[in-house]
Amino acid sequence: MIEHSKIRRAMPHVYLWLAIALLVFPIYFVFVASTRTSAEILSAPMPLYPGDRFFQNYGDALLQGAKNLGASAFVMMGNSLVMALGISVGKIVVSLLAAFAIVFFDFRLRKLCFWSIFITLMLPVEVRIMPTYKVISDLHMLNSYPGLIMPMIVSATAVFLFRQFFMSVPREIAEASQIDGAHAMQFFRSILVPMTRTPVAAMFVIQFIYGWNQYLWPLLITTKVRYYTLLIGINRMLSGADVQIEWQIVMATVLLAMIPPVAIVVTMQKQFVAGMTDTEK
């Protein structure tokens, strides 16, 4: 009976370790492939222990890139970082201002304005993508950082989150600031923004990963190599019909693409959890 009870307690741990192994093994496989030659990767079976070309492969990926692409991972990581930061910061700023106006300003059709923003969540990307492309093209913003960022900085989800947060702020605080002579933007900047640090941190993590993983929009508006993001670059590396694919460079680039999102999540884990769960003001 005691042995049976020990086995029952141990089984959840066994399942957990099996799940971890299933999740980690593909990442380990990519790491091993990134430290070997293309011939070793294509051999059957490929060795499952790291090779001796770690520094050479990652150096080639960062500084040169694949021969059939013409852009290094360093340049593409910079483009992805600019896009992710621009989208996340832009969405937070625009959403904070929109939520502030909807909650603390009394104007006609205020609720209609909010629900007009919120209803955009029901529109699929395919419906919005061509009109957005036409606008960006007419503004001559193709192959540019503003073209990559600006269409993505409006978020109904972020507006809804900040609106719900602002609605929980006591009105007495706004009235007290008015009595003290603070105008609307002083109240917003000095009182509301510091109070929203944890929701802002949570939204920053979500939007950074969203911006970093963008594929369809950069694919549509970037035709120049110097504006390729990492996901576009990886796709181009794998689509060379007349050139042998350099699998070691591809695998190294894939692993490099994972580093910034993981670093953001690990660094801001506490703030992210607090922003999604904390209700105290």
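The values are calculated or read from the model by the stated rules, or taken from the named source; none is laboratory data. What you see is a predicted model, and the numbers here were worked out from it, not measured in a lab. Positions of Cβ are generated from backbone atoms using ideal geometry, with glycine treated the same way; all protein chains shown enter the neighbour counts.
Looking only at the range 135-150, filter to residues that are surrounded by fewer than 18 Cβ atoms within 10 Å (Cβ to Cβ) and farther than 11 Å from T222 by Cβ; which one of those is farthest from the chain's Cα centre (by Cα)?
Looking at the filtered set, the residue picked out is D138.
Among the residues of the range 58-69, are any part of a helix (DSSP H, G or I) and surrounded by fewer than 14 Cβ atoms within 10 Å (Cβ to Cβ)?
Yes, because at least one residue in the range 58-69 is part of a helix (DSSP H, G or I) and surrounded by fewer than 14 Cβ atoms within 10 Å (Cβ to Cβ).
What tally of residues in the range 185-199 results from selecting those that are crowded, with 21+ Cβ neighbours inside 10 Å and either assigned to a helix (DSSP H, G or I) or free of Cβ contacts under 8 Å to residues at least 60 places away in the same chain (or both)?
2
For the range 11-47, enumerate the residues that are assigned to a loop (DSSP other than H, G, I, E, B) and either surrounded by 10 or more Cβ atoms within 10 Å (Cβ to Cβ) or of a type in the set (D, E, K, R) (or both).
Across the range 11-47, the qualifying residues are T35, R36, T37, S43, M46, P47.
Among the residues that make up the range 95-105, is at least one of them surrounded by fewer than 14 Cβ atoms within 10 Å (Cβ to Cβ) and either in a helix (DSSP H, G or I) or out of contact with any helix residue (DSSP H, G or I) (no Cβ under 8 Å at 6 or more places or on another chain) (or both)?
No, that holds for no residue.
Go through the range 228-266 and give me each residue that's of a type in the set (S, T, Y) and modelled with pLDDT under 90.
S239
Taking interchain pairs and intrachain pairs at least six residues apart, which have beta carbon atoms under 9 angstrom, with the first residue in the range 154-180 and assigned by TED's automatic domain parsing to the domain that holds A99 and under 19 Å from A98 (Cβ atoms) and the second of a type in the set (D, E, K, R) and outside any helix (DSSP H, G or I)?
Listed by first residue and then by second, the contacts come to F165/K281; S168/K281; V169/K281.
Being surrounded by 19 or more Cβ atoms within 10 Å (Cβ to Cβ) and not in a helix (DSSP H, G or I), is that true of even one residue in the range 151-160?
For the range 151-160, residues surrounded by 19 or more Cβ atoms within 10 Å (Cβ to Cβ) and not in a helix (DSSP H, G or I): present.
Please verify whether G233 is in a helix (DSSP H, G or I), in contact with a Gly (Cβ under 9 Å, 6 or more places away or on another chain) and more than 29 Å from I102 (Cβ to Cβ), treating the condition exactly as stated.
On the way: in a helix (DSSP H, G or I): yes; in contact with a Gly (Cβ under 9 Å, 6 or more places away or on another chain): yes; more than 29 Å from I102 (Cβ to Cβ): yes.
It is true that G233 is in a helix (DSSP H, G or I), in contact with a Gly (Cβ under 9 Å, 6 or more places away or on another chain) and more than 29 Å from I102 (Cβ to Cβ).
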